[in-house]
Amino acid sequence: MQFLVAVILPLTTLAQQYGTCTARNGRGGECINTKTCANSGGTSDPANLCPGDNSIQCCTYGTCKNSKGVTGICQPTSTCKGSSDPANLCPGGNHIQCCTVGSTPTGPGTSKPINTMLTGLADILRGAGLKVVEVAGWKTRGHGVMASVKGIIVHHTAGSSTGDYPSLATVRDGTSGLAGPIAQLGLGRSGTWFVIAAGRSYHAGNTLDDSIYGNNNAIGIEAEGVGLPATDSGHAHWPEVQYQSYVKGVKALQKAYGVPTARVLGHKEAAVPKGRKIDPNFSMAEFRAKLG
Ligand SMILES: [Zn+2]
């Protein structure tokens, strides 16, 4: 529908006609002209997240404090999963308001972390008998706090074919196009867990439901793997010790945060549009069956 509108309107009237989006930084934004975005102090995400030509990109805004002094993000009211403060606290039009989330406990989690760093991650995994490496600085690393833990997203790194966890630097520090951390947890080929960040990490991108699977609300696990063969079936192409550790670690996280198995998704299942991601390259049905 939005696409049709875009096609029949003259270009000059399109600034507000492309709707909302979620940028790779996990923030809700609006698809507008990059210059209009810059003029409002916003940041345009060059990934192909919006209809229209390259001049129309997903524009997100910075952080804010609402009238009660709670830190939030300036974003379109329709993308706010918490409450939008109508006071004039953000750049742009009235539809861009200071959005704060997590003021009340949500989701099925037993420990229900709210707007906090997940500083218990290492202990949770160690408590399950897993080998854990705490990466220096992890307790304070993240793009802000986690709003909650309602989902767990299972990834593979598509990294180098040698070494236990050669993707560590990338997952911790990011890439030229995406700032790290890009997941809270890493899983080496030996089954060793790497605890990388306690805060929000840029692993999910656009999802089926960002209030469960978005970066604010889902833990991301990047397991080392070359990503081949590109298949949905079985797990025979994964080292058994790594696969069993994956199952055990996710189980421990589910128990700690009360995440039901139905909310443990592969990135390929959570990502929208469908087909945007292929990871992990094992059967998620089999994986969830093992979680019980
Ligand atoms: Zn992924």
Gly258: passes all of (1) touching an Asp or Glu at 6+ places or on another chain (Cβ under 6 Å); (2) more than 16 Å from the ligand (Cβ to nearest atom) but (1)
Is it the case, given these coordinates, that Val259 is closer than 17 Å to Leu125 by Cα, touching a Phe, Trp or Tyr at 6+ places or on another chain (Cβ under 8 Å) and β-branched (Val, Ile, Thr)?
no
Consider the range 27-43. How many of its residues are crowded, with 24+ Cβ neighbours inside 10 Å and either in contact with a Leu (Cβ under 9 Å, 6 or more places away or on another chain) or among the hydroxyl-bearing types (Ser, Thr, Tyr) (or both)?
3
If I filter the range 118-135 for residues that are among the charged types (D, E, K, R), within 19 Å of Gly174 (Cβ to Cβ) and at pLDDT 95 or above, do I get at least one hit?
no
What tally of residues in the range 188-228 results from selecting those that are over 17 Å from the mean Cα position of the chain (by Cα) and either away from the ligand (no atom under 13 Å from the Cβ) or under 14 Å from Thr170 (Cα atoms) (or both)?
11
Hits in the range 151-193 - residues which are surrounded by 16 or more Cβ atoms within 10 Å (Cβ to Cβ), of a type in the set (S, T, N, Q) and either part of a strand (DSSP E or B) or out of contact with any strand residue (DSSP E or B) (no Cβ under 8 Å at 6 or more places or on another chain) (or both)
Thr170
When residues of the range 261-278 are filtered for being within 11 Å of the ligand (Cβ to nearest atom), surrounded by fewer than 22 Cβ atoms within 10 Å (Cβ to Cβ) and not aliphatic (A, V, I, L, M), how many remain?
4
Can you list the helices (runs of 4 or more DSSP H) found entirely within the range 224-292 that contain at least 2 residues being closer than 19 Å to Ala183 by Cα?
240-257, 267-270
Count of the range 204-224 residues which are open to solvent by 10 Å² or more (accessible area, probe 1.4 Å) and in contact (Cβ under 8 Å) with a residue 12 or more places away in the chain:
11
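The values are calculated or read from the model by the stated rules, or taken from the named source; none is laboratory data. If you're wondering where the values come from, they're calculated on a predicted model, not measured in any experiment. All Cβ positions, glycine included, derive from the backbone under ideal geometry; neighbour counts span all protein chains shown. Accessible surface areas use protein heavy atoms only, side chains included; no ligands, DNA or RNA. Shrake-Rupley method; radii C 1.70, N 1.55, O 1.52, S 1.80 Å.
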